[in-house]
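The values are calculated or read from the model by the stated rules, or taken from the named source; none is laboratory data. It should be emphasised that the depicted structure is a prediction, and the values quoted were computed from it without experimental measurement. Quick reminder, even Gly has a Cβ in these numbers, built from the backbone with ideal geometry, and neighbours come from all protein chains shown.
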Amino acid sequence: MKLRNKLPVPALVALQLSLSPLALSVSGMAYAQVIVPFEVRALDRGTDGAAKVFEPAVIRIQPGETVDFVAWDFGHDLIAVDGLLPAGAPGFKGYKNADTSVSFDSEGVYVYQCAAHKAVGMVGLVVVGDPKVNLDAVLASYQGNMALSEPGIARVGALLDALKSE
Ligand SMILES: [Cu+2]
């Protein structure tokens with residue numbers, strides 16, 4: 001576990017000690033929403049035991065919001081998968097072992113992967129607003145996307161199917 005995300009806590013605790021129990025819980029919630037609103041962690045092992053995952057594998061935000069991709073474990077990067085993004089939306093990437101914040105403006109589904117672990121299908125989805133904007137287009141083309149490995153295609157397919165069945 002890394003400490004960097006917890007650095008503000010001592011100051012917060014000092015503040016909370018001076019507040020009533022009710023204010024304490026309210027301020028705790030505000031902290032969680034304001035400091036780490038949308039965080040995806042690159043992990044060697046997910047909470048369900050799966051190896052090499054982004055967690056959560058699907059994160060949902062609204063247009064204009066930002067996702068913080070946290071290099072939680074060693075050796076991970078991230079890169080958007082060309083062809084599996086909303087039409088006209090820019091790609092994005094994060095370098096190995098670097099925390100990366102990305103703001104998303106265009107609605108729809110974005111597929112990305114860890115290039116270092118492409119072979120084992122370390123993939124994730126960002127869903128901005130309404131996934132229906134490009135969900136059918138992504139479903140129709142992901143299996144033929146040359147940037148993905150077979151395990152990557154399998155994981156992307158499972159994530160897209162779950163989105164489709166909502
Ligand atoms: Cu990785």
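A few points about this structure:
- For residue 166: the one exception among (1) over 19 Å from residue 46 (Cα atoms); (2) modelled with pLDDT of 95 or more: (2)
- Answer residue from the range 95-117, given it is under 12 Å from residue 80 (Cα atoms) and out of contact with any Asp or Glu (no Cβ under 8 Å at 6 or more places or on another chain) and is farthest from the ligand (Cβ to nearest atom) among those: 109
- Test: residue 54 is assigned to a strand (DSSP E or B), closer than 19 Å to residue 118 by Cβ and either of a type in the set (A, V, I, L, M, F, W, C) or in contact (Cβ under 8 Å) with a residue 24 or more places away in the chain (or both): yes
- Residues of the range 48-70 that are under 16 Å from residue 38 (Cβ atoms) and of a type in the set (Gly, Ala, Ser): 57, 64.
- Scanning the range 127-158 for residues that are under 18 Å from the mean Cα position of the chain (by Cα), of a type outside the set (D, E, K, R) and within 16 Å of the ligand (Cβ to nearest atom) gives 148, 152, 156.
- Count - residues of the range 74-84 that are within 16 Å of the ligand (Cβ to nearest atom), in a loop (DSSP other than H, G, I, E, B) and surrounded by 16 or more Cβ atoms within 10 Å (Cβ to Cβ): 3
- Within the option set 70, 58, being surrounded by 15 or more Cβ atoms within 10 Å (Cβ to Cβ), of a type in the set (A, V, I, L, M, F, W, C) and away from the ligand (no atom under 16 Å from the Cβ) holds for one residue only, 58.
- Unmet criterion (only one of (1) under 16 Å from the mean Cα position of the chain (by Cα); (2) surrounded by fewer than 22 Cβ atoms within 10 Å (Cβ to Cβ)) for residue 124: (2)
- Residue pairs meeting the criteria (Cβ under 6 Å; at least 6 apart or on separate chains; first of a type in the set (Val, Ile, Thr), in the range 103-123; second near the ligand (Cβ under 8 Å from one of its atoms)): 120/52
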